[in-house]
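The values are calculated or read from the model by the stated rules, or taken from the named source; none is laboratory data. Keep in mind that what you see is a predicted model, and the values were worked out from it rather than measured. Here Cβ is always computed from backbone atoms with ideal geometry, including for glycine, and neighbour counts include all displayed protein chains. Each accessible area value is taken on the protein alone, full model and side chains, heavy atoms only, with ligands, DNA and RNA left out. Shrake-Rupley method; radii C 1.70, N 1.55, O 1.52, S 1.80 Å.
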Amino acid sequence: MPRPCVNRGGLESLLRVAVRVAAEREIPLTEGLTTALDCWRARPGEIFTLVDGAGDFHRARLHDDEGRRVLIPFQKFSVPPESPVEIVVYQALPEKERFELVLQKLTEIGVRRIVPYVSRRSATLDERDAAQKKSHRWPEVLRRAAYQCRRGMLPELAPVLDWSEVLAECAESELRLMFYEGAAGWTLKEALRGQRPERIALLVGPEGGFTPEEAAQAQGAGILPVSLGGRILRTETAAIVGAALVQYALGDLG
């Protein structure tokens, strides 16, 4: 699966300049800006989001004057397009086209990193690509969604992990939650109350749910099982709703 420009937190896709910028003042392309624009597959005349040395975000147009490419900022954001909280979603691979929907909507919500993984009841990458290889489209789904919603960076798309790798990686986050219908005593709202993490991991299971063994292993790894309510949600619904609620409670939605 190709992972160019979206495999290191999206930072190389962030258009960043060291100085404060002014509207309609040309910004020559540095090596860093050129690399970031390549990640976005930028073409002259297209509009992108950049951040300046003061931390302000701007809309800027890529202009090509006989081979001399520059960025021309023209509008400052009143609200930053990037969330102050780093949300990482671990998504068990669903069947059919549902993962593309997850990628698109999590990008719009402002998720920083998306990690597909294989669990006991999930599909595998080989099963997903057996009839027709479609995983190569995932980075392009992210790029299009990020462009549409004016993100400052492309979300990170990790390679497909196995269950043990997911548990080990979740330990890097300050707050670790799994959406589990068997959760006893904790709702997502209760788990988020009073929390102020910089990085939060959300673990979303497959259509058939986590096995009891997986739930026990996750809890043993310090991942708290939480409920999203009394209704059983599809895996893509759980990912989208859960991430949106976390962004509302801790980030920049609402």
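Points to keep in mind about this one:
- Residues in the stretch 158-190 that are surrounded by fewer than 18 Cβ atoms within 10 Å (Cβ to Cβ) and under 28 Å from ASP56 (Cα atoms): 1 in all.
- Check on THR187, out of contact with any helix residue (DSSP H, G or I) (no Cβ under 9 Å at 6 or more places or on another chain), among the β-branched types (Val, Ile, Thr) and under 20 Å from ARG98 (Cα atoms): no
- Identification of helices (runs of 4 or more DSSP H) wholly contained in the stretch 185-254 with 2 or more residues that are more than 26 Å from ASP162 (Cα to Cα) and out of contact with any Phe, Trp or Tyr (no Cβ under 7 Å at 6 or more places or on another chain) yields 188-192, 235-250.
- Against the test of being surrounded by fewer than 17 Cβ atoms within 10 Å (Cβ to Cβ) and aliphatic (A, V, I, L, M), the options ALA36, ALA22 yield a single qualifying residue, ALA22.
- Of the residues VAL88, VAL79, the single one that is assigned to a strand (DSSP E or B) and within 25 Å of ILE114 (Cα to Cα) is VAL88.
- Residue count, the stretch 117-157 (criterion: of a type in the set (S, T, N, Q), crowded, with 20+ Cβ neighbours inside 10 Å and either in a helix (DSSP H, G or I) or touching a helix residue (DSSP H, G or I) at 6+ places or on another chain (Cβ under 6 Å) (or both)): 1
- Filtered by the rule that a residue be assigned to a strand (DSSP E or B) and either modelled with pLDDT under 95 or under 18 Å from LEU93 (Cβ atoms) (or both), the stretch 169-184 gives MET178, PHE179.
- Residue within the stretch 223-237 that is crowded, with 16+ Cβ neighbours inside 10 Å, at negative phi and in contact (Cβ under 8 Å) with a residue 60 or more places away in the chain present: yes
- Of note, ARG151 satisfies the criterion of being in contact with a strand residue (DSSP E or B) (Cβ under 7 Å, 6 or more places away or on another chain) and touching a residue at least 60 places away in the same chain (Cβ under 8 Å).
- In the stretch 92-112, the residues that are without any contact (Cβ under 8 Å) to a residue 12 or more places away in the chain and small (Gly, Ala, Ser) never reach a residue that is part of a helix (DSSP H, G or I) and crowded, with 19+ Cβ neighbours inside 10 Å with C-beta atoms less than 6 angstrom apart, at least six apart or across chains.
- As a summary of the residue check, ALA92 satisfies the conditions (1) among the small types (Gly, Ala, Ser); (2) surrounded by fewer than 19 Cβ atoms within 10 Å (Cβ to Cβ); (3) under 16 Å from the mean Cα position of the chain (by Cα) except for the one numbered (2).
- Leading residue by the ranking (farthest from the chain's Cα centre (by Cα)) among those in the stretch 170-197 that are acidic (Asp, Glu) and over 19 Å from ALA249 (Cβ atoms): GLU181
- Only one of the numbered conditions (1) under 19 Å from the mean Cα position of the chain (by Cα); (2) among the polar types (S, T, N, Q); (3) open to solvent by less than 30 Å² (accessible area, probe 1.4 Å) is violated by GLN104, and that is (3).
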